[in-house]
C-alpha cells in the first residue's frame, strides 16, 4: 500500500495510505484556521465518513431514554408483558447499534488524528532541514520543545471537531426540536444555555492560551 501522486506530484490520500507520506503536501500556513482546513481537505473522504458516524452515534444516544419511557408507560404501568418485552428488546438492540457506531466513529477519528499529527511532523521536519544551521536563530528551544510535545497533539485533537463535533451540532438541533415539542420552556433553556456555556468556556480557554504563550516565550533562546 503506497501513496499515489497526481499530475502535479501531490498525493491523493485515501483509506489505504500509510505514513510517512512520500510527499505530505504544501500546506496553507497563512493562519492556523487555513492550516487546519488544509488538513481537513487532505483527507476529506475520511472526514466526511467521520462526520456521518459521529452524527449517527450522537443522535442514537438520544433514543434510549425515550425507549425506556415507553417501556415504563406502555409496559409496566399497563402490566402488558408483551409490550414490555418488546421495548426491552428494542433497548438491547439499540445498545448494540450504538456500540457499533461508536467503534466506527472512534476508528475513523483515530485515523484522522494520526494523519494530521504525522503529516504535521513531516512538515516540521522538512522545514527544519531547509533551515539547517539557522534553525536555532529562528526559533527558541522552548518554542520547539512545546511544538513537539503540545502543538502537534493539539492540532490532531482539533480535527476531532470534524466527527463528534459535527455530530454534536446535529444532535443539538434534533434534541432542541424534540424538546420544543415536549416543553417549549425546556427547549428554550437548551437553545440559550448551550451557546452561553460555550461562550463562557471559550473565554476561559482564551486566557489559558495567552498564559501558555507567555510561558513558551520565557523558555530561553
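Summary of computed values
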| quantity | calculated |
| --- | --- |
| Residue list for the range 43-68, restricted to those being without any contact (Cβ under 8 Å) to a residue 40 or more places away in the chain and over 15 Å from residue 175 (Cβ atoms) | 44, 45, 48, 52, 67, 68 |
| Residue 186 under 30 Å from residue 57 (Cα atoms), within 18 Å of the chain's Cα centre (by Cα) and modelled with pLDDT under 85 | no |
| Residues of the range 77-100 satisfying the condition of being in a loop (DSSP other than H, G, I, E, B) and either buried (at least 16 other Cβ atoms within 10 Å of the Cβ) or touching a helix residue (DSSP H, G or I) at 6+ places or on another chain (Cβ under 8 Å) (or both) | 80 |
| Check on residue 74, in contact with a helix residue (DSSP H, G or I) (Cβ under 6 Å, 6 or more places away or on another chain), modelled with pLDDT under 90 and part of a helix (DSSP H, G or I) | yes |
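The values are calculated or read from the model by the stated rules, or taken from the named source; none is laboratory data. All figures in this text were calculated on a predicted structure; none of them were measured in a lab. Neighbour counts are summed over all protein chains in view; Cβ atoms, including those assigned to glycine, are modelled from backbone coordinates with ideal geometry.
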